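*Asks:* The structure follows.
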Amino acid sequence: MSVDNVLKTLLCLVVIATVSNVGLKLRDIPEVMDGKHSLLYYSNNLSFSLDGDVLFSEDYHTINHRLFFNQKSHTSRKIYGEPKGAYFSYYTQFYDHGLIQFSDFTFPSGEVARNNITEIEAHNLRRISEEKLQVIYKEGKAVCYTKLLDGGVKCLVRRQ
């Protein structure tokens, strides 16, 4: 087998791999993004602790999605009664329309602020590098999901 035939075979394999990758990316375009590259979602949350404390917070999630060269998504959280909010960014990857992965969490100070998130979230964000969500309901501007690691159902409303 000559070098020319080997190079042609390798080129064919590269083209097949590239077309397959693009096809998979196009297949996994998320329905929750409604064909847009960036959307703003809103949620308000009530968290209850074992000692009877109630924590009310509002979250604003800017979810960014591109087929290639992904940009970071951002979340801002305002907790009532706290002087400062929490802000963090992460990469978002979509798989099979309903499975979402968040990875590479970045906090402005480099650490998770204990006062701005619940103990379970703080524990998870300190020890994991990624989080997976399963979209379980979508209708109109509402999207509900469950976290695959710790369960629970949360719903968001699209603001745009």
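The values are calculated or read from the model by the stated rules, or taken from the named source; none is laboratory data. Quick caveat, the model's predicted, so the values are computed rather than measured. Glycine also receives a Cβ, built like all others from the backbone with ideal geometry; neighbour counts cover every protein chain displayed. The protein model used for the area step is the full one, side chains on, heavy atoms only, and it has no ligands, DNA or RNA in it. Shrake-Rupley method; radii C 1.70, N 1.55, O 1.52, S 1.80 Å.
*Asks:* Could you give each residue of the range 55-61 its phi-based ³J(HN,Hα) in whole Hz, using Karplus coefficients 6.51, -1.76, 1.60 with θ = phi - 60°, and x for Gly or Pro?
*Replies:* In residue order, the calculated couplings are 10, 10, 9, 10, 10, 10, 10 Hz.
*Asks:* Something else about it: Per residue, how many Å² of accessible area does the chain show with a 1.4 Å probe?
*Replies:* I get 64 Å² per residue for this part.
*Asks:* Residues in the range 142-160, backbone N under 11 Å from the label point at Tyr42 (7 Å along the Cα-to-beta-carbon vector): list them, ranges by number please.
*Replies:* 157-160
*Asks:* Leaving ligands, DNA and RNA out of it, report the carbon-plus-sulfur percent of the accessible area of the chain at a 1.4 Å probe. Don't jump to the answer; show the numbers that get you there.
*Replies:* Numbers: 6100 of 10320 Å².
Carbon plus sulfur share of accessible area: 59 percent.
*Asks:* Which is the longest part of the chain that has none of the chymotrypsin sites (Phe, Trp or Tyr not before Pro) sitting in a DSSP loop with at most 12 other Cβ atoms within 10 Å? Provide the component values of the computation, followed by the final result.
*Replies:* Values: sites that count: Phe68, Phe69, Tyr80.
Longest run free of exposed loop sites: 81-160.
*Asks:* Go ahead and set up a Gaussian network model of the chain, Cα springs under 10 Å, then flag whichever of Leu148, Leu46, Leu55 fluctuates most.
*Replies:* Among Leu148, Leu46, Leu55, the largest GNM mean-square fluctuation belongs to Leu46.
*Asks:* Starting from the Cα of Asp104, step 7 Å toward the Cβ, then list every residue of the range 36-78 with an amide N under 11 Å from that point.
*Replies:* Backbone N within reach: 69-73.
*Asks:* Sort Lys72, Lys132 by accessible area with a 1.4 Å probe, largest first. Please list the in-between numbers first.
*Replies:* Values: Lys72 45, Lys132 75 Å².
My answer, sorted largest first, is Lys132, Lys72.
*Asks:* Here's something else I'd like to know. Output wanted: per-residue J couplings in Hz (rounded whole) for the range 32-47, from phi through Karplus 6.51 cos²θ - 1.76 cosθ + 1.60, θ = phi - 60°, x for Gly and Pro.
*Replies:* Those phi angles translate into 5, 8, 6, x, 9, 8, 8, 9, 9, 10, 10, 8, 10, 10, 10, 10 Hz.
*Asks:* Quick one: what are the phi-derived ³J(HN,Hα) couplings along the range 72-88, Karplus 6.51/-1.76/1.60 with θ = phi - 60°, whole Hz, x for glycine and proline?
*Replies:* 6, 8, 9, 10, 10, 10, 10, 9, 5, x, 9, x, 10, x, 10, 9, 8
*Asks:* Give me the distance in nm between label points sitting 7 Å out from Cα along the Cα-to-Cβ direction at Asp96 and Asp150, one decimal.
*Replies:* The modelled label-to-label distance comes out at 2.5 nm.
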